[in-house]
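Read through the structure below, which is laid out as structure tokens, and then see the notes.
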Amino acid sequence: MRDVLVLFFKYANDMQNQAPPITAPNGAGLKILYLNDYASVKQFHYAIQVAIHGYDRDSDGKWRVPPAQRLRKQGGGAEDWVASAPHPMPPDGRMPQQAIDIFDQWVRDGMLP
């Protein structure tokens, strides 16, 4: 978790001042995503993954990353990838692939604190 919080540290304050409510994945109404809060990041992990993978394709629609580094759609098949995000994160361009890989691995490992 310590490695994951560092990934979002520089964006946490900006989001705290501007973050619109995001629908909670469990349908519990509107919640605000706080990137510096473990419970919030854990609750919104898939939305975060979609956002950070939002740059996996270039402006021509070609993949920038190999299949092993793409995000599968929830409930999708083996070749059903998330192709875009409504609000890619961070807004100033793609995170380093290593940072994306760290977050994805944390999710696969069960999002332990």
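Specify which of the listed residues (Gln43, Gln98) is loosely packed, with under 14 Cβ neighbours inside 10 Å, of a type outside the set (A, V, I, L, M) and either at pLDDT 90 or above or within 15 Å of Leu5 (Cα to Cα) (or both).
Working: Gln43 fails: loosely packed, with under 14 Cβ neighbours inside 10 Å.
On inspection, the qualifying residue turns out to be Gln98.
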Review point. How about the range 78-95: which of its residues are over 16 Å from Phe8 (Cα atoms), open to solvent by less than 70 Å² (accessible area, probe 1.4 Å) and at pLDDT below 90?
Key: Ala78, Ala83, Ala85
Review point. Pick from the range 62-77 the residues that are open to solvent by 50 Å² or more (accessible area, probe 1.4 Å) and among the hydrophobic types (A, V, I, L, M, F, W, C): which of them is nearest to Trp106 (Cα to Cα)?
Key: Ala68
Revision key, fill the gap. Listed by first then second residue, the pairs whose first member lies in the range 48-62 and is aliphatic (A, V, I, L, M), whose partner is assigned to a helix (DSSP H, G or I), with beta carbons under 8 Å and at least 6 positions apart or on separate chains, are Ile48/Val41; Ile48/Phe103; Ile52/Ala99; Ile52/Ile100; Ile52/Phe103
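The values are calculated or read from the model by the stated rules, or taken from the named source; none is laboratory data. Computed from a predicted model, the values in this text were never measured in an experiment. Heads up, the Cβs are rebuilt from the backbone with ideal geometry, glycines too, and the neighbour counts pull from every protein chain shown. Just the protein is used for accessible areas: all its heavy atoms, side chains included, with ligands, DNA and RNA removed. Shrake-Rupley method; radii C 1.70, N 1.55, O 1.52, S 1.80 Å.
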